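The values are calculated or read from the model by the stated rules, or taken from the named source; none is laboratory data. Here the structure is a predicted model, which is why all the values come from computation and not from measurement. So basically every Cβ, Gly included, is an ideal-geometry build from the backbone, and we count neighbours across all protein chains shown.
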């Protein structure tokens, strides 16, 4: 084990003589951690603490004909049986807090279960053992329904519909059932390539596996409030979700956390917090809801599975001229955060390489399995595995050293990325060189001389004319009118150079909050600029929270949500004229204005997206 | 019955912060009466060192010693809103909010000191050891403690600051995929050396040589902790971990650590790390947040090394002995790939 800090690299971009930054200071909380005195949520003990356990579905997909909890209610120690009807606002989607997606999941399910382990009822008892025993005594009459477990089977027309909010088993991205990325014309470029390299990759679900399982302890506080000690990774996400599901003003909730026994992405879902608070509301006593290890492994959302197909067009010298990707995120039965992985991942494609023609279709698919959620590297880990295995395949086909191939294709400062933003602050080339050097992997002089700061060309820096298609509109696939999941040949051409503006940090609200440029420690144009022109631009008004609060059902005619400052309108360069490849019948698209400031569709189908915003129910 | 050596490479970049922005973080800073500073957040410390890195950032921005700063976090009654600890956003977003809050508090502090010293605030600087001095005349000085006492009890002035940092929210163009995903990326590249036993299919990762570009290592020890732990997690993802070993079939589902395979701390792979620092313009002191990306390159590098060792491409994670043995069987035995330049033959 060794670690070295290569201060020689990028040395002129940093001030290395700061007071506290860059120093190996001891952690503020180390004493408590080392001595075992640090308090985690589960260390908050209350007299008369009650324990909550859930009754869960043994089936992948089933209708609940009836539930008989009579015997359970009479068992020793049982204080309360919690039914779905006890949840005041029993439908939510996690990202409704930022106005993304439709409410699609109940805290306790009342009619249909869509994955094995889905909770339908909870029991609160004096001890955990009593709660478990009572759950076992509940009798449920299940009508088992057909299920689907494979992402590509799930999008076939005849597949069972998993989630009624997304009846096609795909998340809705604008008008399409997938996220499109179109840059240049991959289909046309494949015809020019010396080699075509294709492969399929897959990643099974992975458990975040924190030592501390998900959980929360809630108790009535004075002043008609409830305190909740939690291991959440996102305090206000959990507070807001609890406020929404329980229809309670956020000001009546007091959440305490901040010291967590490992999260890795698995503690964002905010299920244990509303459950514990609901228990405290219903019983008037402190209630703990904590997953056991089996629940953490199989009920708690894992990193979802992904399947990727990659097709590269490669020239004899190893230059990749086209890359096509088709990806499937297995969301499981409910959205949680998988929808977000779809866009995050698509923005990441085609990896850290400058490729002039890129086409990708990314699907978020519902199946009858445990809902997936975030995990370290969320939305990126699976596709990075696919891309980097694929790079080695390409290197082998082209007969080029694998590291040399990466350096050759690596993105450089100034290159145009496929999501139409300029690359800056790149360091892939240097990372390759340093890693190779440490391992004694000998690179050629040209590769060793390469730099992230050099090598961009006007061609690499430009946005090519782009072939567009309208394949995969919502509902079309299920109706059998969509032939493939892969990107299809474009039918329209978007002029070269079409793009909107970059979105950056909102400036400080008062000049006093701006750090002095000489104290920044590196070159920050914002700080430099602020020194001369302290009055910042007005921040955008279209914070996603704002429209979300006014959300209406997606179908209703909504007034256009307030827009952020208009994007510097898309500026197409004049359409490349006659020389343009595809045939004459391919119409030149009118460069339509790109609307990056209009955040995601507002689809929350409950009145008032979030109590958390207002502390009062909105209608 | 041979143990084959293999070597594999992978490199990646990683987006810092929530995709498409719209994920604010807020921070509050105030001075106690005798010039210690409290930083109040609702950020979460998952063990990655959130509190410590914010403490260092606050001390740097205020210009006071780290011992005089304490970070209190995650009480919704006192800590202002933060989106949470995920998406490698903690250091980038919260660090910037802390800088802004600390800068405002610092400005108040310098005004208070200027009043005491009867000079202009612009002529003052901190020495990072608890004193405020006149630039070029360090003997003319006042301690931060005396400044705070004077501000509180004489001048009627608070030494406090508020900060918020937000990457403005944006969306996706659904026809082209045009978007502003994030404002900065971290980078990594690594070489894996491993062995594959062609009788058992067992893979043993022998060594990792890596380069991680993190913008700036705000605390080198915390960075080291992340990189070693993250790479270990990557090894575990590549070779062992899954809740559904036969995905998409739901058979043999692990329910505890007896059946959910993970290497133990004793199986931490020898790992030689180089840290590169190319500061990102809008990051706190340039730091990008190494938390998530350190695991990512390990997975494909292991797959590539396994192929190099025995000629089997395992394209489905995890790379279990069963998959390797089935691959060997299909190939009619091990077919080691070319030895890489610089590799022992």
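The table below lists the values:
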| item | result |
| --- | --- |
| Residue that is touching a residue at least 12 places away in the same chain (Cβ under 8 Å) and in the same structural domain as residue A:99 (by TED's automatic domain parsing), where the choices are A:212, A:202, A:198 | A:212 |
| Test: residue B:1 is at pLDDT below 95 and over 21 Å from the mean Cα position of the chain (by Cα) | yes |
| Residue that is farthest from the other protein chains (Cβ to nearest Cβ), among those in the range A:361-397 that are over 16 Å from residue A:350 (Cα atoms) and assigned to a helix (DSSP H, G or I) | A:397 |
| Flag for residue B:282 being surrounded by fewer than 24 Cβ atoms within 10 Å (Cβ to Cβ), at the interface with chain A (Cβ under 8 Å from one of its Cβ atoms), touching a residue at least 40 places away in the same chain (Cβ under 8 Å) and under 18 Å from residue B:221 (Cα atoms) | no |
| Scope the range A:237-258; condition closer than 26 Å to residue A:297 by Cα, in contact with a strand residue (DSSP E or B) (Cβ under 8 Å, 6 or more places away or on another chain) and buried (at least 24 other Cβ atoms within 10 Å of the Cβ); matching residues | A:238, A:239, A:241, A:242, A:245, A:255, A:257, A:258 |
| Number of the condition not met by residue A:213 [criteria: (1) surrounded by fewer than 24 Cβ atoms within 10 Å (Cβ to Cβ); (2) more than 10 Å from chain B (Cβ to nearest Cβ); (3) over 25 Å from the mean Cα position of the chain (by Cα); (4) not in a helix (DSSP H, G or I)] | (3) |
| Among the residues listed as B:268, B:242, the single one being at pLDDT 95 or above and under 27 Å from the mean Cα position of the chain (by Cα) | B:242 |
| Any hit, the range B:238-253, residues being crowded, with 24+ Cβ neighbours inside 10 Å, over 17 Å from residue B:12 (Cα atoms), touching a strand residue (DSSP E or B) at 6+ places or on another chain (Cβ under 9 Å) and more than 9 Å from every other protein chain (Cβ to nearest Cβ) | yes |
| One residue from B:132, B:66 being more than 7 Å from chain A (Cβ to nearest Cβ), modelled with pLDDT of 95 or more and more than 24 Å from residue A:509 (Cβ to Cβ) | B:132 |
| Restricting the range A:164-210 to residues that are more than 7 Å from chain B (Cβ to nearest Cβ) and part of a strand (DSSP E or B), the residue that is nearest to residue A:99 (Cα to Cα) | A:166 |
| Residue that is nearest to residue A:521 (Cα to Cα), among those in the range B:282-324 that are out of contact with any strand residue (DSSP E or B) (no Cβ under 8 Å at 6 or more places or on another chain) and in a helix (DSSP H, G or I) | B:284 |
| Answer from A:179, A:148 - the residue that is in contact with a strand residue (DSSP E or B) (Cβ under 6 Å, 6 or more places away or on another chain) and touching a residue at least 40 places away in the same chain (Cβ under 8 Å) | A:179 |
| Candidate set from the range B:254-276 (those that are assigned to a loop (DSSP other than H, G, I, E, B) and touching a strand residue (DSSP E or B) at 6+ places or on another chain (Cβ under 6 Å)); member that is surrounded by the fewest Cβ atoms within 10 Å (Cβ to Cβ) | B:270 |
